[in-house]
Amino acid sequence: MDTQPISIKKSAVNYGVILGAILALMTTLMYVLNPDLFTKWYIGIINFIIIIALGIVSVAKAKGLLRGIMNFKQGFTVYFITVALGLLISTLVGILIFNVIDPDMAAFLQEKTLAMTAEMLQKFGTPQAAIDEQMSKMAEQNNFAIGAQLKSYIFSLAFMSVIGLLVALIFKTKNPNPLN
């Protein structure tokens, strides 16, 4: 009986590594081919969809390994392991790229983000004083610093965990034979 939780956790780790590899590959390709993609809103949505999709696939696979009977805890654990590992790998790649390999790229993207934000605020008719204040606040932040990326990892994991609770709720099943 103890071998089943190990196999679903092993499956979750495998899917977590796959998720991490996909996210790391996306980050690396954007860095190499077109760094401007880091500032595009739709990249965040694509990442969000990929993370949720692989989390769901991981839970579905675990349910299959458990012969269709999975409780809430098992479902959430599988989802959490998959997403936590995938996001961790992606975060470590981001730290490596923007703090070790090419710190200048982080500064470039910070400037680009500031310019895009100022432009957007102007389009919305925000008063110049408010724009200047916002730009000053944003200029003080370094979103690519190690601490900022780790904080982003924690917040992303917390948000994805809420989604994981919903996924586990959807995939949970009652054991038709509660004596086993």
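The values are calculated or read from the model by the stated rules, or taken from the named source; none is laboratory data. Predicted, not measured: the structure shown is a model, and the values here were computed from it. Counting neighbours? That spans all protein chains shown, and the Cβs are built from the backbone with ideal geometry, glycine included.
Which ones in the range 129-145 are assigned to a helix (DSSP H, G or I), within 16 Å of residue 111 (Cβ to Cβ) and either at pLDDT below 80 or not acidic (Asp, Glu) (or both)? Matches in the range 129-145: 131, 134, 135, 136, 137, 138, 139. Just checking, does the range 106-118 include any residue being of a type in the set (Lys, Arg), within 26 Å of residue 33 (Cβ to Cβ) and in a helix (DSSP H, G or I)? There is at least one residue in the range 106-118 that is of a type in the set (Lys, Arg), within 26 Å of residue 33 (Cβ to Cβ) and in a helix (DSSP H, G or I).
Residue by residue, here is whether (1) more than 28 Å from residue 17 (Cα to Cα); (2) among the acidic types (Asp, Glu); (3) surrounded by fewer than 19 Cβ atoms within 10 Å (Cβ to Cβ); (4) free of Cβ contacts under 8 Å to residues at least 60 places away in the same chain holds:
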residue	(1), (2), (3), (4)
76	no, no, no, no
96	no, no, yes, yes
120	yes, no, yes, yes
127	yes, no, yes, yes
132	yes, yes, yes, yes
158	no, no, yes, yes
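All of (1) hydrophobic (A, V, I, L, M, F, W, C); (2) exposed (fewer than 15 other Cβ atoms within 10 Å of the Cβ); (3) modelled with pLDDT of 95 or more hold for residue 41 with one exception: (3).
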